[in-house]
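The next block holds one structure in the form of structure tokens; read it before the comments.
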Amino acid sequence: MDYSSNSRWALPVILVCFFIVLLSNNVVFASHKVFIHLQSQNAVNVQTVHRTGYHFQPEKHWINDPNAPMYFNGVYHLFYQYNPNGSVWGNIVWAHSVSKDLINWINLEPAIYPSKPFDQFGTWSGSATILPGNKPVILYTGIVDANQTQVQNYAVPANLSDPHLREWIKPDNNPLIVADASINKTKFRDPTTAWMGKDGHWRIVMGSLRKHSRGLAIMYRSKDFMKWVKAKHPLHSTNGTGNWECPDFFPVALKGTNGIDQYGEEYKNVLKNGMDLTRFEYYTLGKYDTKKDRYVPDVGSIDSWKGLRFDYGNFYASKTFYDTSKNRRVIWGWSNESDIFPEDDNAKGWAGIQLIPRKVWLDPSGKQLIQWPVEELETLRTQKVQLSNKKLNNGEKVEVTGITPAQADVEVTFSFASLDKAELFDSSWTDMYAQDVCGLKGADVQGGLGPFGLATLATENLEENTPVFFRVFKAQQNYKVLLCSDAKRSTLKFNETMYKVSFAGFVDVDLADKKLSLRSLIDNSVIESFGAGGKTCITSRVYPTLAINEKAHLFAFNNGTEPITIETLDAWSMGKAKIQY
């Protein structure tokens, strides 16, 4: 993934805010010089305020994409893009950590770093594949010159008997793949995990761009994993999306929650791409024609930036792997900081976190994926409190006490007696506009059936809080459920230095039982929320000034005219993950 200084501010909206604040080209130029300077400014003091307790992050400095997650010989490996010299993007190496449970980690020395002519200007994102004979290999994008010409390289463990695979070798026959004349050499990166076809040949996909707007998933094949030939046609492409990066392509079983690692027409397949025009990730479900090596999205699976997302919030550069130890597909995602200026990250000494790994499987409808935090996370639960059969009328809230609200895991099921008060759904609203609807109809705007949900990282009087809530609308033929995570009042910090957005997505759920469930993982500066059992997921990054540590509160609330009942609410304080630096 390209995360150069020109794209530091993650989302186009942030860029707009940034330029409004700076006002002049001279200031922009000055800010760019400051950014370059900060790339190699080592953190002396690391601020602990807003640092997470159970999400993965290194001791200090910048991180971005999770790379090459894998389970090998009883150990989970996570590689990730890391700046060892500063808290903004730059000097990128492949940092390396290992774990027995995906929650507690041991940090090792960097595995891959610029050192050869084929990667002297950068070692960017990639994936791991386990070859026959139980031999892991990493494929990654190398930057060969100052023009950001991108090639695909490989690395192998120096010692397979080392349980942590600490040292990796980059053989001299690199690069394995060089872009031909038909490929944009600066938009050619992030190789996927390889898979073997029925013909015995390996296949991988890279993200790319054609003619400024057509996103490409370029396929290469190999008999021996060393000599790769570009397929005549991409695995898939779509016009009007812009560059694709961090692609992922994997199969899912038609039934059940177990993962699979077999590619074929008898399974559903998932193609995910990060689109740098929006800085969100989108996926489709479809059929993989193994004879033609082409992927075709299902009818109704929208193949563009209007489509489904793994997460409707601050979530990017995700990577999945098949976990053989528990027969599951696991997805990792990265969340950057939502403060705009690099000086903010430099001041606190760190930037970026890896989100909680999630198990992923196909919804029984066959129309979307389900995600849920890996079960190992529950080992960090400590104090537990419960509520049940608590009715909330319009404007009422109840505080959840007895836990640490700044670092908690909350599961709640809401029920309601009637759908009659659901607001009318505007036919112009689609998933494309969910975020705008949430911005217009926030948690404080009274509705009929909703808004109701959780007010997280809140002050006692709610002058600071990040509400995660549902609203139910009546459409022409059915009901539409909106899930929002609204950061507009998340902090009292000066507005122009903070990206405080209303993230939202619609939830495809049957309301026949008149119930909606919500789980939120709250961890000081991040809130990961899972609506309706993981059908719609939203991650927000927030930085309260008052609602921090023991001063944070947690409420369940209802601001709709239809009474809501908290059928069950289970909340736990969360302990700290053990991360050895």
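The values are calculated or read from the model by the stated rules, or taken from the named source; none is laboratory data. Everything numeric here is computed off the predicted structure, so don't read it as measured data. No Cβ is skipped: glycine too gets one built from the backbone with ideal geometry, and neighbour counts run over all protein chains shown. Side chains are part of the model used for accessible areas, which takes the heavy atoms of the whole protein and leaves out ligands, DNA and RNA. Shrake-Rupley method; radii C 1.70, N 1.55, O 1.52, S 1.80 Å.
Rounded if a/c is under 1.5, else prolate if a/b is larger than b/c, else oblate: which is region 381-574, with a ≥ b ≥ c the root eigenvalues of its Cα gyration tensor? Since a/c reaches 1.5 but b/c is at least a/b, the shape of region 381-574 is classed as oblate. Round to the nearest 10 and give me the degree value, 0 to 90, for the angle of helix 25-38's Cα axis relative to the longest principal axis of the chain. With both axes taken from Cα atoms, the answer is about 70 degrees.
Based on the mean of other beta carbon atoms within 10 Å per residue, what is the order of 80-91, 114-125, 44-55, most packed first?
Numbers: 80-91: 23.0, 114-125: 19.5, 44-55: 15.2.
Put in order of decreasing packing, that is 80-91, 114-125, 44-55.
By a 1.4 Å probe calculation restricted to protein chains, Ser388 has an accessible surface near 70 Å², given to the nearest 10. Sequence neighbours fewer than 8 away in the same chain don't count; with that in mind, list the lysines whose C-alpha is under 16 Å from Lys384. Once the sequence-local lysines are set aside, what remains near Lys384 is Lys576.
Maximal additional length on extending the Ala181-Ser325 stretch stands at 47.6 nm, based on 0.36 nm per residue less the C-alpha distance.
All other residues whose Cβ lies under 12 angstrom from that of Asp523 are scored, Lys and Arg at +1 and Asp and Glu at -1, for a net of +1. With a/c under 1.5 counting as rounded, go ahead and sort region 257-387 into rounded, prolate or oblate using the C-alpha gyration tensor (a ≥ b ≥ c being the square roots of the eigenvalues; past the cut-off, prolate if a/b is larger than b/c, else oblate). Verdict is oblate for region 257-387. Across the chain, Cα pairs under 8 Å and at least six residues apart give a relative contact order of 14 percent. In this simple spin-label model, placing a label point 7 Å from the Cα along the Cα-to-Cβ direction at both Asp363 and Gln446 gives a separation of 3.3 nm. Look at the Cα gyration tensor of region 263-315: its axes a ≥ b ≥ c give a/c of at least 1.5 with a/b over b/c, and that counts as prolate.
Nonpolar atom fraction for the chain, defined as the carbon and sulfur part of the 1.4 Å probe accessible area, stands at 51 percent.
Listed by chain and number, the aspartates and glutamates whose C-alpha is less than 16 Å from the C-alpha of Lys390, apart from same-chain residues fewer than 8 away, are Glu399, Glu411, Glu562, Glu567, Asp570. Note that region 549-561 has calculated 3J(HN,Hα) couplings of 6, 6, 8, 7, 10, 9, 10, 9, 9, 9, 10, x, 6 Hz, one per residue in order, obtained from phi through the Karplus relation 6.51 cos²θ - 1.76 cosθ + 1.60 (θ = phi - 60°); glycine and proline are x. Of the GluC sites (Glu not before Pro) in region 226-309, the ones in a loop by DSSP (not H, G, I, E or B) with at most 16 other beta carbons within 10 Å are Glu265, Glu266. Heavy-atom accessible area for Ser325, with the other protein chains in place and a 1.4 Å probe, reaches approximately 50 Å². How far is helix 12-22 tilted off the main Cα axis of the chain, in degrees rounded to 10, range 0 to 90? Compared with the principal axis, the helix lies near 80 degrees.
Rounded to the nearest 500 deg cm²/dmol, what is the calculated helix-only ellipticity per residue at 222 nm for the chain, with -39500 (n - 2.57) per DSSP H run of length n ≥ 4? Can you show the working numbers first?
Details: 4 runs with 39 residues, N = 581.
The helix-only estimate for the chain comes to -2000 deg cm²/dmol at 222 nm.
Other residues with beta-carbon under 12 Å from the beta-carbon of Thr459 carry, at +1 per Lys or Arg and -1 per Asp or Glu, a net charge of -2.
How much area per residue is accessible in the chain when the probe is 1.4 Å and only protein heavy atoms are counted (Å²)? Please list the in-between numbers first.
Working: 22320 Å² over 581 residues.
Per residue, the chain has 38 Å² of solvent-accessible surface.
Here Lys232 is the anchor, and the lysines within straight C-alpha reach of less than 22 Å, apart from those fewer than 8 places off in the same chain, are Lys185, Lys187, Lys198, Lys211, Lys223, Lys272, Lys287, Lys291, Lys292.
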